[in-house]
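Colleague: Starting off with a structure, shown below.
The numbers here are math on the coordinates, done by the rules we state, and not lab data. None of these values were measured; they are calculated from a predicted model. Cβ atoms come from the backbone with ideal geometry, glycine included; neighbour counts cover every protein chain shown.
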Amino acid sequence: MAENRGGHGPGARGGYQKPKDAKRTMLRLMKYISGRKWLLVIVFLCVISSSIASIAGTYLIRPVLNELVGAGTLSDKLGYLAKMLAVMAAVFLFGAVCTYAQSAIMAQLAHRGTNKLRGELFDKMQDLPLSFYDKHPHGELMSRFSNDADNVQLALEQSVVQLFSSAITFIGVVAMMLYISPVLF
C-alpha cells in the first residue's frame, strides 16, 4: 500500500479539486465583489456598450463598401469614405473607452474583494490550533494564502466579465446576421 507523503500524489491532503457545487461556489465568490453594486452596474453597462460598439463598428463596413462599389463620382465617394471612417473611429474609440473603464473598475473591485478574502483567511488561521500548523507543510499554507488568492482575484477580474461579454457579443452577432440576411443565416 502506497504511503501518502505530505502533499504529493493523487490522494494528497489539501490537493486541488473541483468544487462540489460550482454554482454555490461562484455565488460565494461573487459576494466578495458585490459590496458596491453600483460599480457592478457600471461595469455591466460598459460591457454591453463595448459589445454593441464592436458589432456596430463592424456593421458600418457594409455601407462603406456598398457606396464605394456603387455609381458616383470619385470626390463624392472619398467624402463619404472620410465621413464614415470618422464615424467608425468614434464608435471603436467609444468601445475601447468602455472596455478600459470596465477593466479598471473590475480590477479595483477584485482587488478589494481579494483583500477581504485574505483578511477572512487570516482571521481563520488565527483561530486554528498549533497542531494544525504541525500537520500541514508551511509551503502549502503559504501557497493557499498567496497564490490561490491571486487566482481568485484574476477569476473575479476577468472570467465573470468575459463570460457576460461573450454572451452579449454572440447574441448581437446572431441578431445582426438575421437582420442582414435571414436566408443566408
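Colleague: Quick one: compute the contact order of the chain, relative version, from alpha carbon pairs under 8 angstrom and 6+ residues apart, as a percent.
Modeller: Relative contact order, the chain: 31 percent.
Colleague: Over the chain, with a Gaussian network built from C-alpha contacts below 10 Å, which listed residue (Val152, Val69, Val47) shows the highest mean-square fluctuation?
Modeller: Between Val152, Val69, Val47, it is Val69 that shows the largest mean-square fluctuation.
Colleague: Looking at the chain, do any whole DSSP H helices span at least 27 angstrom along their long axis by alpha carbon and average -1.0 or above on Kyte-Doolittle, and which?
Modeller: What comes out of the filter, once short or polar helices are dropped, is 37-59, 74-127, 160-180.
Colleague: Sticking with this one: Which listed residue (Phe185, Tyr59, Leu45) has the Cα farthest towards the positive end of the charge dipole for the chain, taking +1 on Lys and Arg C-beta and -1 on Asp and Glu C-beta about the Cα centre?
Modeller: Leu45
Colleague: Here's a follow-up. Please report, in whole Å³, the volume per residue of the convex hull around the C-alpha atoms of the chain.
Modeller: Here the figure is 193 Å³ per residue.
Colleague: Which value, in debye to the nearest 20, gives the size of the charge dipole of the chain about its Cα centre, when Lys and Arg are +1 and Asp and Glu are -1 at the Cβ?
Modeller: For the chain, the charge dipole is close to 380 debye.
Colleague: Send over the Kirkwood Rh of the range 44-138, from the inverse of the averaged 1/r over different Cα pairs, rounded to one decimal Å.
Modeller: 17.8
Colleague: What number, rounded to the nearest 500 deg cm²/dmol, is the helix-based mean residue ellipticity at 222 nm of the chain, given -39500 (n - 2.57) per DSSP H run of at least four residues and division by all its residues?
Modeller: -24000 deg cm²/dmol, from helical runs alone.
Colleague: How many lysine pairs in the chain, separated by 8 or more positions in sequence or lying on different chains, have Cα atoms less than 21 Å apart?
Modeller: Close lysine pairs found across the chain: 10.
Colleague: Same structure, new question: Using the Cα centre as the reference, give the magnitude of the dipole from point charges on the C-beta atoms of the range 63-148 (Lys, Arg: +1; Asp, Glu: -1; all else neutral), rounded to the nearest 20 debye.
Modeller: In debye, rounded to 20, the range 63-148 gives about 160.
Colleague: Then there is this: Using the Cα centre of the range 80-141 as origin and beta-carbon charges of +1 (Lys, Arg) and -1 (Asp, Glu), tell me which of Tyr100, Asn115, Pro137 is placed farthest towards the positive end of the dipole.
Modeller: Tyr100
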